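All remarks here apply to the structure that follows.
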Amino acid sequence: MATLADLRSACRLVIKVGSALLVERGAPRADWLATLAAEIAELRQHAEVIVVSSGAIALGAARLRLAKGGRGSLADAQASASVGQVELARLWSDALGLHGITAAQMLVTLGDLEDRRRYLNASATLARLLEAGAVPVVNENDSVATEEIRFGDNDRLAARVAQAAGADAVLLLSDVDGLYDRDPREAGAVLLERVDGVTPEIMAMASGASSSGLGSGGMRAKLQAAQIAERAGIALVIANGTHPSPLTRALDQGIGTLFLPQADASARKAWLGGRLAPAGVLSVDAGCMNALDQGASVLAAGIIEVEGDFARGDLVAVHGPKGERLGQGLVEYTASECRAILGLRQEQQADRLGYAPRAAVIHRDHMVRA
């Protein structure tokens, strides 16, 4: 895909809708949703569509008359989501039903896409729903999610859903036209039409704030979503959804930012790279960092610090000596074992462990680079 118009050739597309687009002052924007549903119906003439929809907390908070849009506390957010999820499912069912499309509600938690077996189950459910002709409407299950164990925004969720569904592209509908080289409110700010890989320089252009106050994301979350998508070989677009026909405006007029897919990792490596909740951190020295650049594994001799309390097989992040994030992978030892052997060469490790050491702390086959 080289331009936004190429998204019309996608065989499977994930569309993310933010809270501020769907809900205004606690009430659904029914006319706007009707227009979007019509555009989705048009897309479905040649593509399968998955919707990732925010809005449950905002809708539920209005019904329960809770302050701060239901985000005053975790308990308020969970209660609001419980009520709002019913309303959100009805809105999508009614809007898509006018075009003869069946909507299917699918609520997921972070754990559903972090655990490999549950991830494959979610992938199979999405595939079967699409095969049956339904439009899955996915949302994080905020009624049970906690502050510590949650996606926190539906931008990254959309990228993970696209990965699980084997989608060609993700379209994030936002309240801005796309990624600007600086705050778009500043004079001279330039909209970037295409980004070939999310670099530290690109990430520095982002703000973490949600301008509407309803959502939980921001441009930084969208760029993190782009990183997840690009690693899996999936294109991602940020476009303005506030207009009456947002898909037509973005795709036909070419207004938005297209993030090009990068190396198409294996399914398992893409899943591993997209995981969001490492259980700990291994910091390594400069020599190990250089070896990782050549495709090596993480060895105990190069580890200088261990953070967290993790078990064998858990996901851990790997940082360089200055705290720079190098990647993440599945660790072969517990945290206490890592602390016991850090800095030691393989021939020195058996005395500390009480058994023959493994080949690596994180094998290169079980690691993805940042």
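The values are calculated or read from the model by the stated rules, or taken from the named source; none is laboratory data. These numbers come from a predicted model, not from an experiment. Cβ atoms come from the backbone with ideal geometry, glycine included; neighbour counts cover every protein chain shown.
Of all residues in segment 143-165, which are of a type in the set (G, A, S) and either at positive phi or at pLDDT 85 or above (or both)?
S143, G152, A158, A159, A162, A164, A165
Among the residues of segment 1-25, how many are buried (at least 18 other Cβ atoms within 10 Å of the Cβ), under 24 Å from K68 (Cβ atoms) and of a type outside the set (K, R)?
7
Within segment 301-315, take every residue that is closer than 9 Å to L342 by Cβ and hydrophobic (A, V, I, L, M, F, W, C) and give me the one that is surrounded by the fewest Cβ atoms within 10 Å (Cβ to Cβ).
Result: I304.
I need the full set of residues from segment 86-118 which are crowded, with 21+ Cβ neighbours inside 10 Å and either farther than 21 Å from R160 by Cβ or among the aromatic types (F, W, Y) (or both), in order please.
Listed by number, the residues that qualify are L91, W92, A95, L96.
Restricting segment 167-184 to residues that are assigned to a loop (DSSP other than H, G, I, E, B) and under 19 Å from A20 (Cα atoms), which is modelled with the lowest pLDDT?
Among those residues, the one meeting the criterion is P184.
Taking into account only those residues within segment 184-201 that are small (G, A, S) and loosely packed, with under 10 Cβ neighbours inside 10 Å, which is farthest from I234 (Cα to Cα)?
A187
Kindly indicate whether A239 is in contact (Cβ under 8 Å) with a residue 24 or more places away in the chain, in a strand (DSSP E or B) and buried (at least 19 other Cβ atoms within 10 Å of the Cβ).
yes
Report yes if some residue within segment 245-256 is in the same structural domain as V52 (by TED's automatic domain parsing), surrounded by fewer than 17 Cβ atoms within 10 Å (Cβ to Cβ) and either at pLDDT below 90 or of a type in the set (G, A, S) (or both); otherwise report no.
yes
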